[in-house]
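The structure appears right after this line, and notes come after that.
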Amino acid sequence: MEEKVKCLIIGSGPAGYTAAIYAARADMKPVLYQGLQPGGQLTITTEVENYPGYPKGTMGPEMMEDFKAQAERFGTDIRWGYATSVDFSGAVHKVIIDETTTIFADTVIIATGASAKWLGLESEQRLNGFGVSACAVCDGFFFKKQDVAIVGAGDTAAEEATYLAKLCNKVYMIIRRDEMRASKAMQHRVQNTANIEIIYNSETKEILGEKTVEAVLVYDIKNKVERKLDVTGFFVAIGHQPNTDLFKGILDMDENGYLITIPGTTKTNVGGIFAAGDVADHVYRQAVTAAGTGCMAAIDAERYLAAKGIH
């Protein structure tokens, strides 16, 4: 099956849906494919309290349903399916969906997002959203005056540990090696924060708790002993992986795989291809910033079409 569209959006988090709202209102008749995780990372988040316009907070999956309904209201064609290969070499861009459908698109907005890296424990996935989180900025507030643990040794882990230290009673920082990978400035910040305890040469063995996190079992690699930390929150800060494998060798990306855009825009190195949300953002990674770049991508795409005389 083949089809020709003016605007194709790949991905359905805040970036994809916001791009769809703007593109649909600009009469670009966008077609949006939801991908492997419809709604994106917010669907594995429970409460969202930092998105403007929801004074009482909302649940991540419900918020994404709101975004979807708004995009559909303006005529976005939202479909199941995910992009399996792309060819951006021609004037019209070619995207294969589910290895069966070929979409020819004048513009493509990539909003495939990023996925948090996890430790791979069964208990980590089971308690995800129930005390286990991959975003301290999103969820730290729910652990005010409580004891929490964070695993990771880089700048992000150091930054999130100091952020949590402002809210929480105690923060245990679990590090595999005998040193941190974070920059010296970030290391000093962590070491000078009184309520952060760094546990070196250790790995997380198990997260304990039936319905919510009750404790964490940590294994000391050097001394070969186990230690139980009584915590109610467990944060994983070992990095994110942008979902960009599809575009390797086609679009410019940094050493970690994040798409590179022309500063101040969502334009990639290929004309008519735009990147929005976490796929191009390893700094902020918030729903509100993703939505902002989704808006930018739709406007950039609309101007691209106008300049090409495509109506």
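Tyr33 meets the conditions (1) farther than 23 Å from Leu246 by Cα; (2) of a type in the set (Ser, Thr, Tyr); (3) modelled with pLDDT of 95 or more in every case but one. The failed one is (1).
The residue pairs whose first member lies in the range 111-135 and is among the aromatic types (Phe, Trp, Tyr), whose second member is assigned to a strand (DSSP E or B) and surrounded by 16 or more Cβ atoms within 10 Å (Cβ to Cβ), and whose beta carbons are closer than 8 Å, counting only pairs six or more residues apart or on different chains, are Trp118/Val236. Among the residues of the range 121-148, which ones are surrounded by fewer than 19 Cβ atoms within 10 Å (Cβ to Cβ), part of a loop (DSSP other than H, G, I, E, B) and of a type in the set (A, V, I, L, M, F, W, C)? Within the range 121-148, Leu121, Phe130, Cys135 qualify. Filtering the range 104-120 to residues that are outside any loop (DSSP other than H, G, I, E, B) and surrounded by fewer than 23 Cβ atoms within 10 Å (Cβ to Cβ) leaves Phe104, Asp106, Ser115, Ala116. Screening Ile78 against (1) outside the structural domain of Asp300 (by TED's automatic domain parsing); (2) under 23 Å from Gly294 (Cβ atoms) leaves a single unmet condition, (1).
Scanning the range 149-185 for residues that are surrounded by fewer than 18 Cβ atoms within 10 Å (Cβ to Cβ), over 19 Å from Val231 (Cβ atoms) and either in contact (Cβ under 8 Å) with a residue 12 or more places away in the chain or in contact with a strand residue (DSSP E or B) (Cβ under 6 Å, 6 or more places away or on another chain) (or both) gives Gly154, Asp155, Arg177, Asp178, Glu179, Arg181, Ser183. Just checking, does the range 203-210 include any residue being in a loop (DSSP other than H, G, I, E, B), within 27 Å of the chain's Cα centre (by Cα) and polar (S, T, N, Q)? For the range 203-210, residues in a loop (DSSP other than H, G, I, E, B), within 27 Å of the chain's Cα centre (by Cα) and polar (S, T, N, Q): absent.
Before we move on, is Tyr82 modelled with pLDDT under 95, closer than 23 Å to Val137 by Cα and either touching a His at 6+ places or on another chain (Cβ under 7 Å) or surrounded by 15 or more Cβ atoms within 10 Å (Cβ to Cβ) (or both)? Here the answer is no, as Tyr82 does not meet what is asked. Checking each residue in the range 221-261 for being among the aliphatic types (A, V, I, L, M), touching a residue at least 40 places away in the same chain (Cβ under 8 Å), surrounded by 18 or more Cβ atoms within 10 Å (Cβ to Cβ) and over 30 Å from Lys145 (Cβ atoms) picks out Leu251, Leu259. Per the conditions (1) in contact with a helix residue (DSSP H, G or I) (Cβ under 8 Å, 6 or more places away or on another chain); (2) among the acidic types (Asp, Glu); (3) not in a strand (DSSP E or B), the sole criterion not satisfied by Asp66 is (1). Given the condition part of a helix (DSSP H, G or I), on the phi < 0 side of the Ramachandran plot, surrounded by fewer than 20 Cβ atoms within 10 Å (Cβ to Cβ) and in the same structural domain as Ile10 (by TED's automatic domain parsing), answer yes or no: does some residue in the range 275-288 qualify? Yes, there is a match, as at least one residue in the range 275-288 is part of a helix (DSSP H, G or I), on the phi < 0 side of the Ramachandran plot, surrounded by fewer than 20 Cβ atoms within 10 Å (Cβ to Cβ) and in the same structural domain as Ile10 (by TED's automatic domain parsing). Residues that are in contact with a strand residue (DSSP E or B) (Cβ under 8 Å, 6 or more places away or on another chain) and closer than 17 Å to Leu246 by Cβ within the range 260-269 comprise Ile260, Thr261, Thr268, listed in sequence order.
Against the test of being in contact with a strand residue (DSSP E or B) (Cβ under 7 Å, 6 or more places away or on another chain) and within 30 Å of Pro30 (Cα to Cα), the options Ala291, Ala297, Ala306, Ala237 yield a single qualifying residue, Ala297.
Per-residue answers, yes or no, for (1) among the aromatic types (Phe, Trp, Tyr); (2) in contact (Cβ under 8 Å) with a residue 24 or more places away in the chain; (3) not assigned by TED's automatic domain parsing to the domain that holds Ala20:
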| residue | (1), (2), (3) |
| --- | --- |
| Gly53 | no, no, no |
| Pro61 | no, no, no |
| Gln70 | no, yes, no |
| Phe74 | yes, yes, no |
| Asp87 | no, no, no |
| Gly90 | no, no, no |
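Just to be sure I understand, how many residues within the range 176-185 are under 23 Å from the mean Cα position of the chain (by Cα) and among the hydrophobic types (A, V, I, L, M, F, W, C)? Residues meeting the conditions: 1.
Given the criterion part of a loop (DSSP other than H, G, I, E, B), of a type outside the set (Asp, Glu) and in contact with a helix residue (DSSP H, G or I) (Cβ under 9 Å, 6 or more places away or on another chain), identify the matching residue among Lys29, Lys6, Lys56. Going through Lys29, Lys6, Lys56 in turn, the sole match is Lys29.
The values are calculated or read from the model by the stated rules, or taken from the named source; none is laboratory data. In this text the structure is predicted, and so the values were computed from the model without any measurement. Positions of Cβ are backbone-derived with ideal geometry, glycine not excepted, and every protein chain shown enters the neighbour counts.
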